[in-house]
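The values are calculated or read from the model by the stated rules, or taken from the named source; none is laboratory data. Treat the numbers as computed from the prediction; the structure is a model and nothing was measured. Because the Cβ atoms are built from the backbone with ideal geometry, glycine has one as well, and the counts that use them run over all protein chains shown. Remember, those area values only see protein heavy atoms, side chains included, never the ligands or the DNA or RNA. Shrake-Rupley method; radii C 1.70, N 1.55, O 1.52, S 1.80 Å.
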Amino acid sequence: MAESNKPAKLAVTNQKGGVGKTTVAINVAGALADRGNEVLFVDLDPQGNATENLGLMEAYDAEPPTLFDALTDPEQRETVRDLVYAHDEMDVLPSNIDMTAAEPELTLSRRSGEQLDLVLAELETAYDYIIVDCPPNLGNLMDNALFATQNVLIPALAESTSKRAFELLYDHIGALERDYEITIRDRGVVINRIDVRKKQAQDMIEWIHNAFDNVPVWEVRERASIQYALEEGVSLLQYESDGDMAQVFREIAVDLDDQFGGEIDG
Ligand SMILES: Nc1ncnc2c1ncn2[C@@H]1O[C@H](COP(=O)(O)OP(=O)(O)O)[C@@H](O)[C@H]1O
Ligand SMILES: [Mg+2]
């Protein structure tokens, strides 16, 4: 990727819980790292699933200062430099139990949606990519992820409930774009946990491909190995790099490198 465009920032987002934000974020980050990119993974979900899945439970339970302090207290912003952990595949800015108090606390700050951007500015020159795993609601933390990255990758299930989830998400993104006078770009949709035996899944896959005909749409199957990898604290690229789903994440990484790298040339 060209130097001037670094780092590329991407929020993995959908306010619906359990669709695979964390799973997709970790595997996309792993696949980008596997291609030689320096990746920072940011867990912005107060539940800390990604932090746990990346084997950093001790960071989740750590005493202050944590990401909460860096986000909510401008005077502690630069403490974030000491909060980055080294994982085998990527660097990680973990969530913390204190993040459960961030949502109301951020409401009090004047520029409530811009705090993460300011925090990442303390770090970001070292990375090719910053991947942000979002919480499952349309609140301040999600706004911070959207403002800081201005790029989204959307995991969704092959279920009819996803239509409403897309509507709510795009309404929210549109409102944020107007409020902050920014443009948030769609980098792709990942249809996740596909069970090919279900007829409804086939219909929904077709619907998503039609609805998103100008962005890439990838298909990830329901696979035990995806859960096993997370239980081992690594991405599929490390757990089962020759598997077909590792290959899908590799394709996503190639495409993102094209999209972000191509921007300066084109
Ligand atoms: N493709 C998949 N195959 C099997 N299990 C999956 C897959 N994607 C996600 N999961 C599992 O589904 C659950 C929810 O996924 P997660 O990534 O935590 O969703 P979210 O972050 O959107 O809440 C997790 O237990 C995860 O291991
Ligand atoms: Mg999650």
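How large is the charge dipole for the chain, taken about the Cα centre, if only the Cβ atoms of Lys, Arg (+1) and Asp, Glu (-1) carry charge, to the nearest 20 debye?
960
How much FRET efficiency would the formula 1/(1 + (r/R0)^6) give for Ser109 and Ala211, where r is the Cβ-Cβ distance and R0 is 41 Å, rounded to 0.05?
After rounding to 0.05, the efficiency reads 0.70.
Less than 19 Å from a label point 7 Å out along the Cα-to-Cβ axis of Glu167: which backbone N atoms in segment 203-236 qualify, by residue?
From segment 203-236, the list is 204-213.
Under the Kirkwood approximation for Rh and a Cα-based Rg, what ratio Rg/Rh is obtained for segment 11-120?
Rg divided by Rh gives 0.95.
Equivalent ellipsoid semi-axes for the chain, as square roots of 5 times the alpha carbon gyration tensor eigenvalues: give them largest first, rounded to whole Å.
After scaling each eigenvalue by five and taking roots: 27, 21, 19 Å.
Jot down the per residue volume, in cubic angstrom and as a whole number, of the convex hull over the alpha-carbon atoms of segment 31-78.
Each residue corresponds to 96 Å³ of Cα convex hull volume.
Rounded, prolate or oblate for segment 89-169? Axes are the square roots of the Cα gyration tensor eigenvalues, ordered a ≥ b ≥ c, and the cut-off for rounded is a/c under 1.5.
oblate
Once the other residues with Cβ under 14 Å from the Cβ of Ala224 are scored (Lys, Arg +1; Asp, Glu -1), what is the net sum?
-3
Which value, in Å², gives the accessible area per residue of the chain when a 1.4 Å probe is used on the protein heavy atoms?
Ligands and nucleic acids excluded, the result is 44 Å² per residue.
Using alpha-carbon positions, what is the distance between the centroids of segment 11-89 and segment 145-201, in Å?
When both Cα centres are located, 20 Å separates them.
Taking 0.36 nm per residue of sequence separation and subtracting the Cα-Cα distance, how much length would be gained by fully extending the chain between Asp73 and Leu118, in nm to one decimal?
Additional length available on full extension: 15.1 nm.
Read phi for every residue in segment 188-199 and hand back ³J(HN,Hα) as whole Hz from Karplus 6.51 cos²θ - 1.76 cosθ + 1.60, θ = phi - 60°, with x for Gly and Pro.
Listing the rounded values in order: x, 10, 10, 6, 10, 6, 6, 10, 5, 6, 8, 4 Hz.
Please give the calculated 222 nm ellipticity per residue for the chain, where each DSSP H segment of at least 4 residues contributes -39500 (n - 2.57) and the sum is spread over every residue; nearest 500 deg cm²/dmol?
The per-residue figure over the chain is -13000 deg cm²/dmol.
Once you keep just the Cα pairs under 8 angstrom separated by 6 or more residues, what percentage relative contact order results for segment 3-254?
Rounded, it is 28 percent for segment 3-254.
Give me a comma-separated list of calculated 3J(HN,Hα) values for segment 204-216, in order, Karplus coefficients 6.51, -1.76, 1.60 applied at θ = phi - 60°, integers in Hz, x for any Gly or Pro.
5, 4, 5, 4, 5, 4, 5, 5, 10, 6, 10, 10, x
Looking at the chain as a GNM with Cα springs under 10 Å, which of Val248, Val196, Val217 has the largest mean-square fluctuation?
Between Val248, Val196, Val217, it is Val196 that shows the largest mean-square fluctuation.
Determine, from the Cβ-Cβ distance of Gln247 and Val196 and an R0 of 22 Å, the FRET efficiency 1/(1 + (r/R0)^6), rounded to the nearest 0.05.
0.85
Any lysines with Cα under 19 Å of the Lys163 Cα? List them, leaving off those in the same chain fewer than 8 positions away.
Cα-Cα hits under 19 Å: Lys16, Lys21, Lys198, Lys199.
How about segment 74-131: which trypsin sites (Lys or Arg not before Pro) there are in a DSSP loop, with at most 14 other Cβ atoms within 10 Å of their Cβ?
Arg110, Arg111
Considering only Asp34, Asp88, Asp143, give the residue with the highest GNM mean-square fluctuation for the chain, with springs between Cα atoms whenever their separation is below 10 Å.
Asp88
With θ set to phi - 60°, apply the Karplus curve 6.51 cos²θ - 1.76 cosθ + 1.60 along segment 170-176 and write out the HN-Hα couplings as whole Hz, x wherever there is a Gly or Pro.
Coupling constants for segment 170-176: 5, 4, 5, 4, x, 5, 5 Hz.
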